[in-house]
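Written out below as structure tokens is the structure these notes cover.
The values are calculated or read from the model by the stated rules, or taken from the named source; none is laboratory data. This is a predicted model, so every value here is computed, not measured. Every residue, glycine among them, receives a Cβ derived from its backbone with ideal geometry; neighbour counts consider all protein chains shown. Protein only, heavy atoms only, side chains kept; ligands, DNA and RNA dropped before computing areas. Shrake-Rupley method; radii C 1.70, N 1.55, O 1.52, S 1.80 Å.
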Amino acid sequence: MTNPMRILAAATLALTAHVSTGSAQSLADRIAGASDPRVQFTFAARADACGNGRSFIQISGSQWYGSWNDGDRRDVCTPGPVRVVADRAGRDVVSISTFVGPLPEPTPGITDLGRVRARDAAEYLLTLAERAEGRVSRDALLPAVLADSVDVTPRLLALARNQNAARETRRSAISWLGRPLDSRGRAVKDVADALVQIARDDDDNESVRQQALRTLARLEHGAGTSALMELARDAQKAWMAREALSALTSSGDPRARQYLRDVVRRAELPDEVLAAGIRGVGGEYANGEDIKLLRDSYAKFPGEKSRESAMSAIAQFSGSENVRWLLGLAHDANQPIQMRRRAVQHASRGGTSLSEIIKVYDETTDTQLKDAVIAALVESGEKQATDKLMQIARSDDSPSMRRKAVNMLSRSSDERVKRFLSELVER
């Protein structure tokens, strides 16, 4: 190779080395030194990201970000580059907007830096998330995780662990850790271990710890389920056990479902913690056998919170068998009156007939239970319910029940009720 050729090759290598080591800093400098307050740049997006270029972004075919109107719904979700628009006050970035898909026509008043490397964009955005304040810190994470072929997991974990960072930014970083990321060699177990460490730290912020538990429930391959079950077993830490059970409720993992059933069947946890497990069993994933388990285990539940959670789940599942069970509870004089009152309310909302609700009123002498029936009749608003209220107002043996019924009827705009009350006064 001739000397001139050697000099040219050396210069090329030096320039390449300078670009690879200094490009992230040069992007920050270019943004800071732009003449317009608003600056934009684009970079390659991960393969599973698309958008319409102006209002919505979709990731992994199921996660949507942004806003939609009727016109947007007709737009095709187009793979394309990520476009970031940074708005500044002086040299400080005060807002970040992110778009994916077709690029718009050049806009006056925006300095366009053009295409940059995805790795450099991610580095700049993650640094912004770590150092900026307010919503900029949080909003910088979305475009960072959209960068093609960049493993952002280590930086997200560092943000999640940083107790000096803003809570909202930490919660956002933790949430992203539970979603599919465009990373290579990502160790889900390492993420799970870090989230458990955050959740266990009694000195950390509770909302951040809750986010860590919820994210454990969403990890790929059910990687966080075993850890959540272990955390839920620690009955000595009621907050942790309750929140871990709540997180298991949302996971939908069959192992979590079976664990929650075992918790309910044993009924050994403190009342408030057990209530979380009951809500899990009787929630959106509940089937008929789950509801039967709640009915059969009800007598073992230790307090009002667990019993109320069971009644609520049973009423929401509905069905004639469940309504009959609730009515039986309302009629059972051996049950605490507060639970009987709640049974009336749940039975009414669960679809029982007004005739059965009225029967509870006629067969009891307890004024608190009668109060609950009157409230259910008022909530119903049907003619049969109004007729019963007027009967109570006219001729019930209890003056207090008559006053209660009159008070409830006086709020009605029904002309028939108004005439009734007028005639009652004249008597």
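Kindly indicate the residue of region 263-296 that is among the small types (Gly, Ala, Ser) and closer than 19 Å to residue 234 by Cβ and also surrounded by the fewest Cβ atoms within 10 Å (Cβ to Cβ) among those meeting that condition.
Of everything passing the filter in region 263-296, 267 is surrounded by the fewest Cβ atoms within 10 Å (Cβ to Cβ).
Return yes when residue 335 is closer than 25 Å to residue 301 by Cα, open to solvent by 20 Å² or more (accessible area, probe 1.4 Å) and outside any helix (DSSP H, G or I) and no when it is not.
So residue 335 fits the description; yes.
Looking at region 221-262, which of the residues that are surrounded by fewer than 20 Cβ atoms within 10 Å (Cβ to Cβ) and aliphatic (A, V, I, L, M) is farthest from residue 204 (Cα to Cα)?
223
Looking at the structure I just gave you, is residue 273 among the β-branched types (Val, Ile, Thr) and at pLDDT 95 or above?
no
Which residues, counting only those in region 381-401, are under 45 Å from the mean Cα position of the chain (by Cα) and surrounded by 12 or more Cβ atoms within 10 Å (Cβ to Cβ)?
Selection gives 384, 385, 386, 387, 388, 389, 390, 392, 401.
Which residues, taken from region 90-101, are modelled with pLDDT of 95 or more and either more than 32 Å from the chain's Cα centre (by Cα) or of a type outside the set (A, V, I, L, M) (or both)? Working first, answer last.
Let us first name the residues in region 90-101 that are modelled with pLDDT of 95 or more, namely 93-101.
Once the filter is applied, which keeps residues that are modelled with pLDDT of 95 or more and either more than 32 Å from the chain's Cα centre (by Cα) or of a type outside the set (A, V, I, L, M) (or both), region 90-101 yields 95, 97, 98, 99, 101.
Take residue 319 and decide whether it is of a type in the set (Gly, Ala, Ser), under 30 Å from residue 286 (Cβ atoms) and open to solvent by 50 Å² or more (accessible area, probe 1.4 Å). Walk me through it before giving the result.
On the way: of a type in the set (Gly, Ala, Ser): yes; under 30 Å from residue 286 (Cβ atoms): yes; open to solvent by 50 Å² or more (accessible area, probe 1.4 Å): no.
Criteria not met by residue 319.
Working only within region 402-420, note down all residues that are over 19 Å from residue 371 (Cβ atoms), open to solvent by 30 Å² or more (accessible area, probe 1.4 Å) and not acidic (Asp, Glu).
413, 416, 418, 419
Considering only residues of region 146-176 that are crowded, with 19+ Cβ neighbours inside 10 Å and in contact (Cβ under 8 Å) with a residue 40 or more places away in the chain, which is farthest from residue 98 (Cα to Cα)?
160
Is it true that some residue in region 312-332 is under 26 Å from residue 240 (Cβ atoms) and modelled with pLDDT of 95 or more?
Looking through region 312-332, at least one residue is under 26 Å from residue 240 (Cβ atoms) and modelled with pLDDT of 95 or more.
Quick one: which strands (runs of 3 or more DSSP E) lie wholly within region 41-128 and hold at least 2 residues that are open to solvent by less than 60 Å² (accessible area, probe 1.4 Å) and within 24 Å of residue 154 (Cβ to Cβ)?
Of the strands (runs of 3 or more DSSP E) lying wholly inside region 41-128, those with at least 2 residues that are open to solvent by less than 60 Å² (accessible area, probe 1.4 Å) and within 24 Å of residue 154 (Cβ to Cβ) span 56-59, 63-66, 82-89, 92-100.
Output yes when any residue across region 23-32 is modelled with pLDDT of 50 or more, in a helix (DSSP H, G or I), within 35 Å of the chain's Cα centre (by Cα) and surrounded by 12 or more Cβ atoms within 10 Å (Cβ to Cβ), and no when none is.
Yes; the residues of region 23-32 include at least one that is modelled with pLDDT of 50 or more, in a helix (DSSP H, G or I), within 35 Å of the chain's Cα centre (by Cα) and surrounded by 12 or more Cβ atoms within 10 Å (Cβ to Cβ).
Where the second residue is among the small types (Gly, Ala, Ser) and not in a loop (DSSP other than H, G, I, E, B) and the first is closer than 16 Å to residue 275 by Cα and lies in region 303-325, which pairs have Cβ atoms under 6 Å and are six or more apart or on separate chains?
Filtered contacts from region 303-325: 305/275; 306/275; 309/275.
Among (1) open to solvent by 10 Å² or more (accessible area, probe 1.4 Å); (2) of a type in the set (A, V, I, L, M, F, W, C); (3) assigned to a helix (DSSP H, G or I), there is one condition residue 344 misses while meeting the rest; what is its number?
Condition not satisfied by residue 344: (1).
Rundown of residues vs (1) part of a helix (DSSP H, G or I); (2) more than 12 Å from residue 157 (Cα to Cα); (3) of a type in the set (Asp, Glu); (4) touching a residue at least 40 places away in the same chain (Cβ under 8 Å), yes/no style:
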| position | (1), (2), (3), (4) |
| --- | --- |
| 179 | no, yes, no, yes |
| 193 | yes, no, yes, no |
| 199 | yes, yes, no, yes |
| 221 | yes, yes, no, no |
| 228 | yes, yes, no, no |
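Scan (1) surrounded by 17 or more Cβ atoms within 10 Å (Cβ to Cβ); (2) assigned to a helix (DSSP H, G or I) for the single condition residue 299 breaks and write down its number.
(1)
Taking the options 336, 270, name whichever one is closer than 19 Å to residue 246 by Cβ and in contact with a helix residue (DSSP H, G or I) (Cβ under 9 Å, 6 or more places away or on another chain).
Residue meeting the stated conditions: 270.
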